[in-house]
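Just below is one structure, and these are the notes that go with it.
The values are calculated or read from the model by the stated rules, or taken from the named source; none is laboratory data. What you see is a predicted model, and the numbers here were worked out from it, not measured in a lab. Cβ placement follows ideal geometry from the backbone for every residue including glycine, while neighbour counts extend to all protein chains displayed. Heads up: the accessible areas ignore ligands, DNA and RNA and are worked out on the full protein's heavy atoms, side chains in. Shrake-Rupley method; radii C 1.70, N 1.55, O 1.52, S 1.80 Å.
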Amino acid sequence: MHTTEYTYRNPVGLLRHKLMIRPDESHDLRLHSATLKVEPAPSDIYWKHDVFDNSICFLHWPEALRTRRLGIVSELDLTHHPEGQPLPIYSLDSAAEQFPYAYAAHEFPDLARFTQLQMPDSDRKVTHGPAVSCQAWIVKRPCEYWTQ
């Protein structure tokens, strides 16, 4: 539970408030429920996502409202797994036990982009390193497949 309270010497009007009080779910956090209590009650509450996909809450009050106090209580029920959720148990396909892997012909169009360098390799560490045999093998097989 998080409580924020403002008190004012004289009555004040309340402008739009922007709250960032709801965490995003992730691999290590599950949000089960979230409640928000605001006094005085706003005339309008709405939620949006910002460009980073954060949940943003906006509060609006009538222009005529005057108050000496604003109270906001946010209560979250969540489960946090600091070490992350237990990982699933994967099994290795027997075809993947040997390297280089034998990909099915229908997989080559999906793999083609992974054979292209994404960053410059001016020192030629990638194009002349251990990955070259794998890269050449993946590139060669689709070409053979498409030209047959």
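In terms of solvent-accessible area of protein heavy atoms at a 1.4 angstrom probe, what is the ranking of D44, D28, highest value first?
Result of the area sort, largest leading: D44, D28.
Among the GluC sites (Glu not before Pro) within region 33-117, which fall in a DSSP loop and have no more than 12 other Cβ atoms within 10 Å of their own Cβ?
The qualifying sites are E63, E83, E97.
Determine the shape class of region 1-60: with a ≥ b ≥ c the square roots of the Cα gyration tensor eigenvalues, call it rounded for a/c under 1.5, and otherwise prolate if a/b is greater than b/c, oblate otherwise.
prolate
Mind grabbing the accessible area of R30 for me, 1.4 Å probe, Å², rounded to tens?
Roughly 80 Å² of R30 is accessible to a 1.4 Å probe.
For K37, go through the aspartates and glutamates and keep the ones whose alpha-carbon is under 19 Å away, minus same-chain ones fewer than eight residues off.
Correct list for K37: E5, E75, D77.
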